[in-house]
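What follows is a short report on a single structure.
Taken together, the values in this text are just the output of simple stated rules run on the coordinates, not laboratory data. Here the structure is a predicted model, which means the values were calculated and not measured. Don't worry about glycine lacking a Cβ; one is built from the backbone with ideal geometry, like all the others, and counts go over all protein chains shown.
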Amino acid sequence: MLDCSKFKLMTKSFFLLFFFMIIGCNAKESFVSTHVPNFESTSFDVVQKQLVIEPKLPENIQHLVSKWFNQKVKIDGFEGSMIFTITDYTEEISYIDDGKKVNIYLSFNVVLNKPSISEKKVIKGSVSSYGTLTGNFSLSEFDTVIQNTQSDIILRLSRDLNSKI
């Protein structure tokens, strides 16, 4: 026969264990946070700009490229045009010791054309970035690592382009 004090202790222990199980199962907090990129502005001495994307891009990178181009690529000239082209995009996911790694490569070129002075300038570049995640993680946490790496590649593209102007 159970003693009343032992029964109360078992009941409290059961409810405490049950409470922690419910909290643990409902915890959705990720250990990997999403980075909000702060892109650099780039200015060109032309009157028109155009974005051309040749390869098929993932939705997030397509959004980031368009956002950067529309908000941070400035034109302040009186003539000429600029065509910015994404020429190559590669995203490779590989397994590493106790984790995963994503490598992203992006190539671009910019054609500046000023017909009145017969000037045509071509700027070519490529950038790369990677992200890793080790230990126990969820697929959504690795998706966040991929998105952060995609944001980083556009930030690197912006910096590389600014250094070549």
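The protection proxy used here, the mean number of other Cβ atoms lying within 10 Å of each residue, ranks peptides 130-136, 141-147, 92-98 as follows, highest first: 141-147, 130-136, 92-98.
Rounded to the nearest 0.05, the FRET efficiency derived from the C-beta distance between Asp76 and Asn38 at R0 = 22 Å is 0.55. For the residue pairs Lys56/Lys120; Lys72/Lys164; Lys49/Lys124; Lys56/Lys101; Lys101/Lys121; Lys100/Lys124, alpha carbon separations beyond 26 Å are given by Lys56/Lys120; Lys101/Lys121; Lys100/Lys124. In this calculation the C-beta distance from Asp45 to Asp143 is compared with R0 = 45 Å, giving a FRET efficiency of 0.65.
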